[in-house]
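Heads up, the thing below is written out as structure tokens.
The values are calculated or read from the model by the stated rules, or taken from the named source; none is laboratory data. Bear in mind the structure is a predicted one, so any value in this text is a computation, not a measurement. Quick reminder, even Gly has a Cβ in these numbers, built from the backbone with ideal geometry, and neighbours come from all protein chains shown. Heavy atoms of the whole protein, side chains included, go into the accessibility calculation; ligands, DNA and RNA do not. Shrake-Rupley method; radii C 1.70, N 1.55, O 1.52, S 1.80 Å.
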Amino acid sequence: MIQDLRYGARMLLKSPGFTLVVALSLALGIGANTVVFSLLDAVLLKTLPVKEPERLVLFRWLSGEKQIWRSMHWEGGNARDQATGLQAGTSFSYPAFEHFRANNQSLSETFAFRSVGVSVNIDGQAETVRGQLVSGNYFAGLGLPALLGRTLTSDDDRANADPAVVISYKYWQRRFGGDPAVVGKTIYAGYAGDTAFTIAGVTPPEFYGTSNVGSAADIWSSLALTPKILPQGFYPLNDPTNWWLNIMGRLKPGVSARQAQSELDLALRQQAAELQKSFRDQRDVPQLELGSGSQGLMQARRRFSEPLRVLMIIVGLVLAVACLNAANLLLARAAARRKEIAVRLAAGASRLRLVRQLMTESLLLAALGGALGLMFAYWGRDVLVALRPLAATLPDLKIDLRVLGFTTAVTILTGILFGLAPALRATKVDLTSALKDGAGQTGYSRSRLSKGVVVAQVAMSLVLLIGAGLFVRTLHNLMRIDLGFNRENLLLFSVSPGEIGYKGERLANLYQQLLERIEATPGVRSATVGGSMLTGHSQYSLCVPGYTPQPGENMGLANLSVGANFFETMEMPILRGRGVNRHDIEPLVRAIGTIQSAGGKPPKDFVAPRQVAVINQAMARQYFPNVDPIGRRFSFSLPCKDGDGIEIVGVVRDAKYGGLKREIHPMAYVPYVSLSSGAPPSTSFAVRTAGDPAAMTTAIRKAAQEVEPRLPLNDIETQEAQIAKLVSQERLFASLSSFFGLLALVLVAIGLYGVMSYTVARRTHEIGVRMALGAQAADVLRLVIHETLWLALAGVALGVPAALVATRWIESQLFGLKPHDPLTITLVTLLLTAILALAGYLPARKAARVDPLVALRCE
């Protein structure tokens, strides 16, 4: 083997150009697979960095069509279970958690957690961070020790315990500069902003919490301190109808998840039966399922699985094209070494010995490509993170032992794939003809194999390019969407005054003070409450007096709470009537103050202010066709009759809300202050600036701090940045697929050029004969170009049907076009054919310039 390695290295060094081209081709393919696998590993494969994660289980309920929620308040992710067709969720009440913990013999630990936003004030700097409220045995159940200090214990999970928190490694580095003296430091956190918490410890750097991937926690506190962390009324611990906690457990040694599930399922049914005495049918009785908890919550992982698999298929095709290109170059190189191989065989070397030598050279090339691929992967992971894949804050992408193992396996497999066929072909020679000066027709058989490889490359690259074209056009369609408002010079942010104790009339007045102070900031044209429609909305059942719904018609109405000057700030054209103004909001604020002063109930002489709304064109078309909707009314409660409900004062142009890909449905814009719920404890602001909105961030933060120093501005970003975040997945697919598609095209062009150059070289004598018999340069040029185009067309003939089948898998990722879009397929096919024709033209031109006298002497 040492002899094979030494000789293989010498042979590669003798052909540095060949070695470099093959190694770079493989490096790009292997590097692309490595970096995408590191992303897939971080999102889909890695388990929690805790003790024996395979023994962790995640509690999940299964029930019929949400009948259980008639008398319950439910929060958290849910989806339809594919196996049973039932609704599934991971949220439970705190009493249910206590019941599970007290009534099981199968779990050594049962612990709970909930992700929340936590207001933190450190050394006078206020911010909102991602946190988790956890039971006292959370870290013990995970088997996670602290990197510094200690973790939370059951003693911390008492209402009268000294408030303590544990912070993440990343937060420790960001806010405290990695200072080891952070343990024991006092910070202020919670909705009132005056509760002192002691930092008990720091978690290991690889631990991000047990929430969904992309939701890394910064801080952990105990569930018993929920009233101090969140405003009163948020997640009451003693309310059995409020299902909001996620629950996990650790199986005892020798106990299976099925055994534990059988034991705990009865406990869940008992809890549900106490809350709801009857169910419509047996399907609606909730049942417990214990799934794997080795990765924490799984909703986001399931959502990201499809796009990540698409990316792996794309880079897998690139590597396949690179392997075919390397195989083609090895075939051409083997033709040049035919006489050497024939001499070795004639001297007594076995075919197996020569195959081993040639495979050693192939594996050396693959190893060189793998080493370069790792270098590309280290660079590519930073590029990938900068593209914000999957619109999530992902853990750091690491080239760890798992990724190195994957790269090693891919490298070895690559070396075998591209090296085996050329090695077998090269050692299958006729000694008599090979040892002579002329090679007869043997070269043409090899040329046919090389041409077959090129056809396969063309087909694969066409599939990649068509996919890239579809992704690019999808991104183009999304970026050109008419949002219904002006996206430029718009800054968005959110605030949560409810978390620091504001409510009622005081809360509504705070919002007005913030607006006035921000609007007085130099460079600000206008400001409003409500923010962009793209961030989301509420939906309620609609009742329109005089309108009879069709059977099965969806009467849900999207509802966006807005402030005065909203439509002017967003620059949304009002088509009829007027928008929401201060005269609609101020009476509501005064009414809330009156109710608050009267102890929470309206006085006897109380007269409710008029409620108004502005509707979009879609609602006007659907519910008020052929009539003027101004002055008409609708309601969010049944039954409704003329004169009741909310009065329509304006019609505004349709605008996007809830996402770029969503269709526009009926929508109502109502004042953000209402009699039923007052001013919202958290809301969004939109600020229209005269210049670059990003440059106004510091000034607007300062203006808000002057009104309320404890109030942090959250998620502050420009409207353009928010749109870029919404299309991050499409941008990622468009960027990567385009890059990899073009890379495949370059490899195919190189392969075709190599094949045609080899063909021309083998047919030099024939070309000389043709020219001596009267053929012109144009005839020779046409002969070679004709052969090139046949290779390209054969690849297209295979690639187009393959693309039509393959692109069906990405239909859910497209927008504004179908997978079989004829324009994309036609343009890509023409581009590919033109570039391949150019790649074939260069050898053809060389052939057309052959001197017949020289060619006739060529062998």
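Using the membrane-span-like helix rule (whole DSSP H runs, Cα extent along the own axis of at least 30 Å, mean Kyte-Doolittle hydropathy at least 0.5), which helices of the chain qualify? Both cut-offs are met by 16-40, 299-336, 351-386, 401-426, 442-479, 728-762, 777-806, 822-848. Using a cut-off of 30 Å between alpha-carbon atoms, which lysines can reach Lys252, once sequence neighbours fewer than 8 places away in the same chain are excluded? Excluding near neighbours in sequence, the set is Lys46, Lys51. Other residues with beta-carbon under 15 Å from the beta-carbon of Pro709 carry, at +1 per Lys or Arg and -1 per Asp or Glu, a net charge of -2. Across region 145-162, rounded Karplus estimates of 3J(HN,Hα) from the backbone phi angles (6.51 cos²θ - 1.76 cosθ + 1.60, θ = phi - 60°) give x, 7, 6, 9, x, 9, 9, 6, 10, 4, 5, 7, 9, 10, 4, 9, 6, 5 Hz, Gly and Pro being marked x. Rounded to the nearest 5, the antiparallel percentage of DSSP beta bridges internal to the chain is 80%.
Net charge in the neighbourhood of Ile2 (other residues with Cβ under 14 Å of its Cβ; Lys, Arg +1, Asp, Glu -1) is +2. Electrostatic tally near Ala848: other residues with Cβ closer than 15 Å to its Cβ, Lys and Arg +1, Asp and Glu -1, net +2.
The calculated FRET efficiency for His476 paired with Gln270, based on their beta-carbon distance and R0 = 60 Å, is about 0.60. Rounded to the nearest whole Hz, the Karplus-based 3J(HN,Hα) values (6.51 cos²θ - 1.76 cosθ + 1.60, θ = phi - 60°) of region 613-626 follow the sequence 7, 10, 10, 8, 4, 4, 5, 4, 5, 7, 9, 9, x, 6, with x at glycine and proline.
Database remark: amide H of Thr195 closer than 5 angstrom to the amide H of Ala189 (H placed geometrically; neighbours at sequence offset of 5 or more, or on other chains; Pro and chain starts carry no H). Across the options Tyr138, Gln776, Ala426, the greatest Cα extent toward the positive end of the charge dipole of the chain (unit charges at beta carbon of Lys, Arg, Asp, Glu) belongs to Gln776.
Pairs exceeding 28 Å between alpha-carbon atoms, taken from Lys170/Lys725; Lys428/Lys846; Lys228/Lys656; Lys601/Lys702; Lys428/Lys451: Lys428/Lys846; Lys228/Lys656; Lys601/Lys702. Solvent exposure of Tyr378, expressed as accessible area, is near 110 Å², computed with a probe of 1.4 Å over the protein chains only. Using a/c under 1.5 as the rounded threshold, could you call region 126-216 rounded, prolate or oblate? The axes a ≥ b ≥ c are square roots of the C-alpha gyration tensor eigenvalues, and prolate needs a/b larger than b/c, oblate otherwise. Rounded shape, in that the Cα axes give a/c under 1.5. Antiparallel DSSP bridges in region 612-750: what percent, to the nearest 5? So the antiparallel bridges amount to about 50 percent of the total. Classify region 468-590 from the C-alpha gyration tensor, please: rounded if a/c falls under 1.5, else prolate or oblate depending on whether a/b exceeds b/c. Oblate is the answer for region 468-590, as a/c is 1.5 or above yet b/c matches or exceeds a/b. Take each peptide in 108-120, 486-498, count the other Cβ atoms within 10 Å of every residue, and average; sorted highest first, the result is 108-120, 486-498.
How large, in percent, is the carbon and sulfur part of the accessible surface of the chain at a probe radius of 1.4 Å? Looking at the chain in its full context, I get 57 percent from C and S. Extending 7 Å from the Cα toward the beta-carbon at both Val627 and Asp715 defines two label points whose distance is 3.7 nm. Here's how it looks for Ala146: its modeled amide H is under 5 Å from those of Thr151, which are all 5 or more places away or on a different chain.
For Asn104 and Leu404, a Förster radius of 56 Å and the Cβ-Cβ distance give a FRET efficiency of 0.85, rounded to the nearest 0.05.
Length gained on full extension, Ser15 to Arg590: 198.4 nm, using 0.36 nm per residue less the C-alpha separation. For the chain, the residue among Ala96, Thr408, Asn489 whose Cα projects farthest onto the positive side of the dipole built from Cβ charges is Thr408.
Which of rounded, prolate, oblate describes region 161-209, given a ≥ b ≥ c as roots of the alpha-carbon gyration tensor eigenvalues and a/c under 1.5 marking rounded, otherwise prolate only if a/b is larger than b/c? Prolate shape, in that a/c is at least 1.5 and a/b is the bigger ratio.
Listed by chain and number, the lysines whose alpha-carbon sits under 21 Å from that of Lys818, ignoring those within fewer than 8 places in the same chain, are Lys661. Sorting the segments 513-520, 295-302, 55-62 by their residues' average number of neighbouring beta-carbon atoms within 10 angstrom, most packed first, yields 55-62, 295-302, 513-520.
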